[in-house]
Amino acid sequence: MSRSRPKVFVPNQIPEQALRYLQEHCEVDYRDAEEKLSDAELIAGLQDAEGLMIYSRQKIEASILEHAPRLKVISNIAVGYDNLDLAELTKRGIMGTNTPGVLTETTADLAFSILMAAARRIAEADHFVKSGQWEGWKPSLLLGKNVYGSTLGIIGMGRIGEAVARRAKGFDMNILYYNRSRKPDAEAGLGVIYTSMDELLQKSDYVVVLVPLGPSSTRLIGEREFHLMKRDAIFINVSRGATVDEQALIRALQEGRIAGAALDVFEKEPVDKNNPLLQMRNVVTVPHIGSATLETRSKMAEKAARNLVAGLSGQIPVDLINP
Ligand code: DGY
């Protein structure tokens with residue numbers, strides 16, 4: 001590390017321990033705020049910052065970077081880094097880092113919980129009871145769809161995909177997966193079966209998208225893919241909203257070509273109040289909370305802080321994303 005402590009800008013609230021670690025090693029301009037900063041506020045904070053630690057909702061493009069002449073490291077407190085213009089970072093000699101691993105199980109928990117919520121109509125049932133509509137047991141009240149023994153299709157068999165598969169195994173599900181490359185270890189260890197994307201869509205009762213967002217995965221699931229799915233299938237997205245053509249999803253649901261959806265992510269976040277998805281009883285929505293537990297958010301922030309300090313100390317951060 002340089003003799004004087006490097007200046008870092010942390011524009012949003014982070015857990016205590018990560019902040020303390022940063023303060024031990026750096027001069028920290030810390031804003032204890034939940035709200036996202038405007039670009040103008042971000043630029044003001046970046047005037048003399050060498051390091052920046054942000055959440056993935058903060059987009060960093062050339063228009064920001066050109067006002068950050070001293071910036072050396074951007075540490076994303078997220079595994080996804082589609083908010084960073086990596087080519088631009090690399091061109092300017094800025095390191096980018098992310099936080100893989102520590103949020104895997106927590107995000108898989110969320111994926112599985114919204115899958116189950118959609119299958120067993122939990123949100124609808126909760127509203128039904130609390131709004132006083134429950135007048136007695138009825139044979140066909142809120143009938144859902146079995147999870148155990150059904151077929152799960154996982155699109156994107158990375159760390160989180162495998163963690164979802166482990167949960168699905170406990171429910172005796174048949175697990176199909178589609179990935180850019182085959183995963184022999186997962187096939188041997190978890191009994192997951194590799195298929196083409198089309199076969200996965202045609203055979204699955206539940207389809208879960210877990211691919212990182214990039215040029216090749218933008219709108220990976222669209223009109224054609226929804227047409228291939230079973231009419232009683234449920235679609236789950238816990239990756240990024242833009243991996244799916246949201247208008248095509250809305251049409252598939254409106255026309256009854258699929259049975260329901262469970263969504264943690266949307267094309268535009270926060271989602272527009274008049275988005276038709278919010279009016280559909282067969283769609284479970286949660287506000288991008290895949291990694292949102294106290295323990296995991298602390299681990300993510302600590303990992304991000306270590307990456308930032310490592311990069312500023314002249315080391316190669318463990319989670320460098322633009323080597
Ligand atoms: C991630 O880590 O990518 C989560 O989606 C939080 O942004």
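The values are calculated or read from the model by the stated rules, or taken from the named source; none is laboratory data. The structure presented is a predicted model; accordingly, all values stated were derived computationally and were not measured. Positions of Cβ are generated from backbone atoms using ideal geometry, with glycine treated the same way; all protein chains shown enter the neighbour counts.
Give me the pairs, please: first residue somewhere in the range 135-161 and over 20 Å from L201 (Cβ atoms), second residue anywhere and assigned to a helix (DSSP H, G or I) and among the hydroxyl-bearing types (S, T, Y), beta-carbon distance under 6 Å, and either six or more positions apart or on two chains.
R159/T104
Condition first: outside the structural domain of I14 (by TED's automatic domain parsing) and out of contact with any helix residue (DSSP H, G or I) (no Cβ under 6 Å at 6 or more places or on another chain). Can you find one or more residues in the range 90-98 that meet it? Spell out how you get there, then give the answer.
Of all residues in the range 90-98, those outside the structural domain of I14 (by TED's automatic domain parsing) come to none.
Scanning the range 90-98, I find no residue that is outside the structural domain of I14 (by TED's automatic domain parsing) and out of contact with any helix residue (DSSP H, G or I) (no Cβ under 6 Å at 6 or more places or on another chain), so the answer is no.
Collect the residues in the range 258-274 that are crowded, with 16+ Cβ neighbours inside 10 Å, in a loop (DSSP other than H, G, I, E, B) and not hydrophobic (A, V, I, L, M, F, W, C), keeping them in residue-number order. Let's see the steps before the verdict.
As a first pass, look at the range 258-274 and keep what is crowded, with 16+ Cβ neighbours inside 10 Å: 258-267, 271.
Next, from what is left, pick out any that are in a loop (DSSP other than H, G, I, E, B): 258-259, 264-267, 271.
Result: D264, E267.
For M53, work out the one condition from (1) assigned to a loop (DSSP other than H, G, I, E, B); (2) under 21 Å from N83 (Cβ atoms) it doesn't fulfil.
(1)
Collect the residues in the range 75-101 that are more than 20 Å from Q315 (Cα to Cα) and either near the ligand (Cβ under 8 Å from one of its atoms) or surrounded by fewer than 22 Cβ atoms within 10 Å (Cβ to Cβ) (or both), keeping them in residue-number order. Full working, then the answer.
Going through the range 75-101, the residues more than 20 Å from Q315 (Cα to Cα) turn out to be 78-85, 87-88, 101.
Scanning the range 75-101 gives A78, V79, G80, Y81, D82, N83, D85, A87, E88, G101.
From the list L110, L115, which one is buried (at least 20 other Cβ atoms within 10 Å of the Cβ), away from the ligand (no atom under 13 Å from the Cβ) and in a helix (DSSP H, G or I)? Full working, then the answer.
Working: L110 fails: away from the ligand (no atom under 13 Å from the Cβ).
Result of the check over L110, L115: L115.
Need the failing condition index for V309 against (1) of a type in the set (A, V, I, L, M, F, W, C); (2) in contact with a His (Cβ under 8 Å, 6 or more places away or on another chain); (3) within 16 Å of the ligand (Cβ to nearest atom), just the number.
(3)
I need the full set of residues from the range 118-141 which are over 21 Å from K230 (Cβ atoms) and outside any helix (DSSP H, G or I), in order please.
S131, G132, Q133, W134, E135, G136, W137, K138, P139, S140, L141
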